[in-house]
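Notes follow once the structure below has been shown.
The values are calculated or read from the model by the stated rules, or taken from the named source; none is laboratory data. Keep in mind that what you see is a predicted model, and the values were worked out from it rather than measured. Cβ placement follows ideal geometry from the backbone for every residue including glycine, while neighbour counts extend to all protein chains displayed.
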Amino acid sequence: MLVGLYGSEGQTFEIMVEDGHVVGVRCRQMTLGSFDKSGRRRPVAGKEGDFMVKCDQLIAAIGQTVNVYSLTGNIKPDLGANGYIIANPLSKQTSVPWLFAGGDIVTGPASVVDAVADGEKAAVGIDEFLTGEKHAFWREDKKVDTFFDPDAEPSPTLRERQPVLSVSRRSQNFNEVEQAYDEATAVRQAKRCLRCDYRD
């Protein structure tokens, strides 16, 4: 049995089901097409054939709306026009002084990185609310005196490969796989992209 899902370009993607259970997802290799009105390149179907990823469970991660008051009960924080909770961008405090909110219930569908960042902000905000003191010592402003010329042309330097740990050194640990560039490489790479209006 196939359940069809339609992409923005009209291509069909399918969830493979047997005896009422998911067994895989039929996928199609995509490639970047021309730039659209937003300045981004649209994904379009590539020329390679479809392939199937086998699985026995499928979790849909799609943007959805939220009924805030079904979660907060009699507590009614102010909501924005989009239906999400309004929270202070830095402290995550809502219109209810002791209620703090972050993540998708404030921003709508976003990345895990955004949600984790909101968690840090809320933790600092809650601490300050309870103690009346600012303990976030890591938030001290630091002056960056690096020179930057906004009119400089991009450097023709080629893209460097991201340094990574060897497979043998990744086993049974949580070490960062993607490593940082050394200073000289980082500077060369930064000079490659100084003009956001450059496309092709």
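If you go through the range 43-89, how many residues are assigned to a strand (DSSP E or B) and either charged (D, E, K, R) or touching a helix residue (DSSP H, G or I) at 6+ places or on another chain (Cβ under 9 Å) (or both)? Explain how you work it out, then say what you get.
Applying the first criterion (assigned to a strand (DSSP E or B)) to the range 43-89 yields 43-45, 51-54, 79, 85.
Filter once more, so that each one left must be either charged (D, E, K, R) or touching a helix residue (DSSP H, G or I) at 6+ places or on another chain (Cβ under 9 Å) (or both): 54, 79, 85.
Here the count works out to 3.
Filter the range 134-154 for residues that are out of contact with any helix residue (DSSP H, G or I) (no Cβ under 7 Å at 6 or more places or on another chain) and surrounded by 10 or more Cβ atoms within 10 Å (Cβ to Cβ) and give the result.
First pass over the range 134-154, keeping only residues out of contact with any helix residue (DSSP H, G or I) (no Cβ under 7 Å at 6 or more places or on another chain): 137-154.
Scanning the range 134-154 gives 139, 152, 153, 154.
Listed here are the residues, each with its yes/no results for (1) among the aromatic types (Phe, Trp, Tyr); (2) under 25 Å from residue 82 (Cα atoms); (3) at pLDDT below 90; (4) in a helix (DSSP H, G or I).
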residue	(1), (2), (3), (4)
98	yes, yes, no, no
141	no, no, yes, no
153	no, no, yes, no
172	no, no, yes, no
175	no, no, no, no
192	no, no, yes, no
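What number of residues within the range 67-94 satisfy the criterion of being in contact with a strand residue (DSSP E or B) (Cβ under 9 Å, 6 or more places away or on another chain) and within 17 Å of residue 128 (Cβ to Cβ)?
6
Under 8 Å between Cβ atoms, which residue pairs at least 6 apart in sequence (or on different chains) link something in the range 123-149 that is assigned by TED's automatic domain parsing to the domain that holds residue 100 with a partner that is modelled with pLDDT of 85 or more and polar (S, T, N, Q)?
Partner pairs satisfying both residue conditions: 124/91; 125/88; 125/91; 125/93; 128/91; 129/91; 129/93.
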